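Colleague: Handing you this structure, nothing more for now.
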Amino acid sequence: MLVVYLILTVVTVCTTVVAVYFVLNAENHKWQWLSFNAAGSTAFYVFCYAVYYYYFKTNMQGFLQWAFYFGYTTVFCVGLFILCGTVGSAGAMTFVKTIFRYAPKGETRAGADDCAFPSS
């Protein structure tokens, strides 16, 4: 089970770093909530699979079984969303700090000064 958790952690961090890289490459600085939601979206997939599993794989009937199943599934998926979101956000924060540590400071992009008003 620990191996599965480690694989989930590695895949979550890698996909979140790729998503944040594309957002930063488009010069959008609002990457924090994207990293949390992109990583946490795993929980949405788990909930969708739980709905499929309930209706097509189990023989449960009645309101109480439905309420217990979806109640516990919802609690589990919210916890998974927070867990994966936190792991992905921490990985993205480490990535962003690393790339901006080595970025040149005080320089503009090539050609950016050509668009300014002429000095003479």
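Colleague: Quick one: would you say Thr58 is polar (S, T, N, Q), at pLDDT below 95 and either out of contact with any Cys (no Cβ under 9 Å at 6 or more places or on another chain) or surrounded by 11 or more Cβ atoms within 10 Å (Cβ to Cβ) (or both)?
Modeller: yes
Colleague: With the condition kept exactly as written, say whether any residue in the stretch 45-66 is hydroxyl-bearing (Ser, Thr, Tyr), more than 22 Å from Ala103 (Cβ to Cβ) and touching a residue at least 12 places away in the same chain (Cβ under 8 Å).
Modeller: For the stretch 45-66, residues hydroxyl-bearing (Ser, Thr, Tyr), more than 22 Å from Ala103 (Cβ to Cβ) and touching a residue at least 12 places away in the same chain (Cβ under 8 Å): present.
Colleague: May I pose another question? Among Cys84, Cys48, which is surrounded by 12 or more Cβ atoms within 10 Å (Cβ to Cβ), in a helix (DSSP H, G or I) and of a type outside the set (Lys, Arg)?
Modeller: Cys84
Colleague: Now for a separate question. Kindly evaluate Ala43 against the criterion of being modelled with pLDDT of 95 or more, in contact with a Cys (Cβ under 9 Å, 6 or more places away or on another chain) and in a helix (DSSP H, G or I).
Modeller: Yes; evaluated as a whole, the condition is true for this residue.
The values are calculated or read from the model by the stated rules, or taken from the named source; none is laboratory data. Model, not experiment: these values are computed from the prediction. Note: ideal-geometry Cβ built from the backbone for every residue, glycine included; neighbour counts use all protein chains shown.
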